[in-house]
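The values are calculated or read from the model by the stated rules, or taken from the named source; none is laboratory data. Only a predicted model underlies this, so the values are computations on that prediction, with no experimental measurement involved. Cβ placement follows ideal geometry from the backbone for every residue including glycine, while neighbour counts extend to all protein chains displayed.
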Amino acid sequence: MTKPPTKWEQALSDLRSLIETDHYPPGTVLPKHADLAAQLGCSEGTVRRALDTLAREGLVKGVPGRGTTVLARVTKVLRTDANRATAQAERGFYADVRDAGLKSHVVTAREYRPAPEHVAEILGVPVRSPLLVRDRVQGVQAEDDGPVTVLQTACSWYLPAVAEALPILWEEVTGPGGMLARFEELGLTIEQRDDVVPALASKRQCEVLGLTAPAPVCLVTRTTRDQDGRALEVTDLVVTARNVLSYTR
């Protein structure tokens, strides 16, 4: 005979369900503990215990004096040999655009910029260290000289040793197979992880991507590491809802 859930287990399950089904979407400040207790049919102490558990799971965050806020859910995607082989076969943005019968339109800036905090932390360098950046605005055209539809922006930051070893980073295009191929030419085995967070585009992002606010986007932080776990590259992508990403495993 299955043991029925305790009051705390039931309250935790119900509250998690309310968050995961977007009854309380990301950014929402949850009701007061007393109101949640009445809603869930439990004590305020049970609510506090459930919220502590959800905070450890990364679903909510409590701020003293401001209540408990529902956090955006993060999806972590680990790229494996299967989809890395796809990239080596020149899949990805350029190939997908070509297969759709469209023309890619990419504007690439190459320059040194001070590393923001999250990039510096991943690459293991001091905040605001000058790093080589490749900043792309990536879109498509149906025909030459036709209107451009921007699909995403991609800003890649490189470890200084990588920038020194790969002068091709200063070129407009990094060659067949892209950066994965360039890394492997250095004898490295590469693993990538994507951290994906849904968000509303900022004013600047709306301007670059041609969106009308409020507009949903996905913020992707892609970390590229070698076989020893050393971070080589961090790419911040802003992907519009117009861009459908398909992964075949």
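Do the conditions hold for Ala154, that is, is it within 16 Å of Arg222 (Cα to Cα), in the same structural domain as Asp226 (by TED's automatic domain parsing) and either within 20 Å of the chain's Cα centre (by Cα) or modelled with pLDDT of 85 or more (or both)? It is true that Ala154 is within 16 Å of Arg222 (Cα to Cα), in the same structural domain as Asp226 (by TED's automatic domain parsing) and either within 20 Å of the chain's Cα centre (by Cα) or modelled with pLDDT of 85 or more (or both). Being modelled with pLDDT of 85 or more and not assigned by TED's automatic domain parsing to the domain that holds Val173 is the requirement here; does Arg56 meet it? Taking the combined requirement at face value, the residue does not satisfy it.
Name the residue, out of Val137, Val77, that is modelled with pLDDT under 85 and assigned to a strand (DSSP E or B).
On the way: Val137 fails: modelled with pLDDT under 85.
Result of the check over Val137, Val77: Val77.
Which of the residues belonging to the range 80-109 are at pLDDT below 60 and either part of a helix (DSSP H, G or I) or of a type in the set (Ser, Thr, Tyr) (or both)? Matches in the range 80-109: Thr80, Asp81, Ala82, Asn83, Arg84, Ala85, Thr86, Ala87, Gln88. Annotation: of all residues in the range 164-185 being surrounded by fewer than 17 Cβ atoms within 10 Å (Cβ to Cβ) and at pLDDT below 90, the one that is farthest from the chain's Cα centre (by Cα) is Glu185.
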